[in-house]
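All of the numbers you see were taken from the coordinates with simple rules; none came from a lab. In this text the structure is predicted, and so the values were computed from the model without any measurement. Every residue, glycine as well, gets a Cβ built from its backbone with ideal geometry; the counts of neighbours run over all protein chains shown.
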Amino acid sequence: MGQYPDANRRITDAAASTGSRLDSYVDRYATRTHGMTASEVRSLFSVASRPEVVSLAGGMPNISGLPMDVVGSLISNLIGKRGMTALQYGSGQGDPTLREQICEVMKPTGINGHPDDVTVTVGSQQALDLITRIFIDPGDVILAEAPSYVGALSTFRSYQADVVHMEMDDDGLIPERVLDAIATTKAAGRRIKFLYTIPNYHNPAGVTLTAERRARILRICQDHDILIVEDDPYGLLGFDGHVPRAMRADDAERVVYLGSFSKTFAPGFRVGWALAPHAVREKLVLAAESSVLCPPAFSQLAVSEYLAAHDWRGQVKSFQELYLERRDAMLDALSGLMPEGARWTRPNGGFYVWLTLPPGLDTKAMLPRAVTSRVAYVPGTAFYADGFGSRSMRLSYCYPTPERIREGVRRLAQVIEQEMEL
Ligand code: PMP
């Protein structure tokens with residue numbers, strides 16, 4: 001016990017912050033669990049899920065737009081036709097037919113991938129976990145946008161990576177900030193293992209990286225020999241129907257591309273994928289096998305049948321329309337109701353708006369008062385590894401109806417105005 005006083009103190013800190021003082025296993029947890037702390041706002045979210053609260057907090061895909069009868073008959077046919085395969089173990093890399101279909105799904109991004117380089121994962125969240133597992137030793141550096149996807153940050157933390165954030169603006173990640181981050185990290189003698197980016201309809205920032213910046217950032221990473229992890233669950237959900245060109249389309253050896261059916265079909269199947277450089281693919285599959293043996297055959301075949309037999313492109317188009325109507329409701333309400341000094345992003349796809357309040361306000365401190373006023377959001381600090389983001393919040397427009405969105409923004413504007421008067 002006395003040999004690692006600092007480690008023990010961190011365990012106790014972690015226990016305290018997760019409220020698990022009564023946990024008798026507290027001194028046995030591995031060091032890598034120290035960063036696994038419950039979000040401070042988690043308890044509020046159970047209140048926020050009450051029907052009277054307009055939740056602009058969650059990022060749940062709006063599957064009310066799915067033709068449930070089609071999906072239902074597809075699933076019963078699947079068991080009838082291919083039950084022996086669908087209910088059996090399968091390949092660790094994923095079903096070969098699905099991997100071919102995934103290459104088709106990626107085509108609009110400009111990616112011409114080979115099915116051999118695709119690994120099917122349990123959502124792209126598992127792909128994030130596997131990539132981090134195979135590349136990160138404790139203390140390695142990952143470059144990530146500021147803010148960044150909360151699920152990626154918690155994975156990075158669980159492998160004891162140090163996240164160095166880089167600033168974005170309305171055109172996405174700023175190339176000069178990438179150069180700054182590389183220079184300061186290298187000057188400190190630290191090793192950068194990869195750059196993590198969400199180039200399209202960013203979660204949580206709502207912005208999209210311009211084509212010109214994609215080329216520059218790719219060039220910077222080539223010059224400095226840095227691997228890019230391009231996380232793209234929203235790429236097909238652009239409101240103008242345009243699919244931005246993936247960085248992976250221009251460099252197959254430098255980029256691991258992550259995709260998902262969670263937003264273009266349904267998250268309940270938990271099917272995502274990683275398209276990795278050929279050399280990386282083998283380690284990725286080995287890591288996947290040791291983690292889950294194989295991705296669920298049932299889900300993979302259901303997705304595969306859906307892609308083969310259903311107009312999935314038409315379905316994606318109807319999702320785009322559903323989200324566009326909600327995005328418009330949110331942007332209209334924000335411009336009509338937000339007080340002077342508030343700024344927000346104008347997403348051209350995806351689920352999220354990033355709202356920044358005038359100086360002096362703290363969105364985490366304000367959240368209990370917002371929930372009392374029956375509106376919820378996610379405070380900005382959740383999306384930073386370093387405690388920044390206290391003046392910002394993520395607003396999701398994907399799930400509530402347009403009327404509820406307008407009502408939610410109205411309640412939020414009132415809370416902010418009261419806060420400004422304090
Ligand atoms: N990356 C980003 C940017 C996300 O927003 C999400 C889901 N919210 C994921 C990855 C994980 O998605 P899934 O595991 O459902 O594919």
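General observations
- Across region 363-377, computed HN-Hα scalar couplings (Karplus, 6.51 cos²θ - 1.76 cosθ + 1.60, θ = phi - 60°) run 6, 6, 5, 7, 4, x, 6, 5, 5, 4, 8, 6, 9, 10, 8 Hz from first to last residue, x flagging Gly and Pro.
- Dividing the mean sequence gap of close Cα pairs (under 8 Å, 6+ apart) by how many residues region 140-295 holds gives a relative contact order of 17 percent.
- In region 353-389, chymotrypsin sites (Phe, Trp or Tyr not before Pro) in a DSSP loop with at most 15 other beta-carbon atoms within 10 Å: 388
- For residue 87, no residue whose modelled amide H falls within less than 5 Å of its own remains once neighbours fewer than 5 places apart on the same chain are excluded.
- With a threshold of 32 Å on the Cα-Cα distance, the over-threshold entries among 263/364; 186/364; 81/263 are 186/364.
- Using a Gaussian network model of the chain in which every pair of alpha carbons under 10 angstrom is joined by a spring, one finds that among 44, 301, 331 the greatest mean-square fluctuation is at 44.
- Taking the Cα centre of the chain as reference, the dipole from Cβ charges on Lys and Arg (+1) and Asp and Glu (-1) amounts to some 640 debye.
- For residue 166, the shell of other residues with beta-carbons less than 10 Å away shows a net charge of -3, using +1 for Lys and Arg and -1 for Asp and Glu.
- Contact order normalised by residue count of the chain, Cα under 8 Å, 6+ apart, percent: 22 percent
- Sorted peptide list for 271-282, 217-228, 364-375, 122-133, criterion being average Cβ within 10 angstrom, highest first: 122-133, 271-282, 364-375, 217-228
- Cross-link partners for residue 193 among the lysines, with Cα-Cα distance under 21 Å and sequence neighbours closer than 8 places in the same chain left out: 283.
- For the chain, the equivalent ellipsoid derived from the Cα gyration tensor has semi-axes of 32, 29, 23 Å, listed largest first.
- Each residue of region 233-246 was assigned a 3J(HN,Hα) from its phi angle through the Karplus expression (A = 6.51, B = -1.76, C = 1.60, θ = phi - 60°), giving x, 10, x, 7, 9, x, 6, 9, x, 7, 9, x, 6, 6 Hz with x at Gly and Pro.
- Amide H contacts under 5 Å for residue 378, placed H, 5+ residues apart: 394
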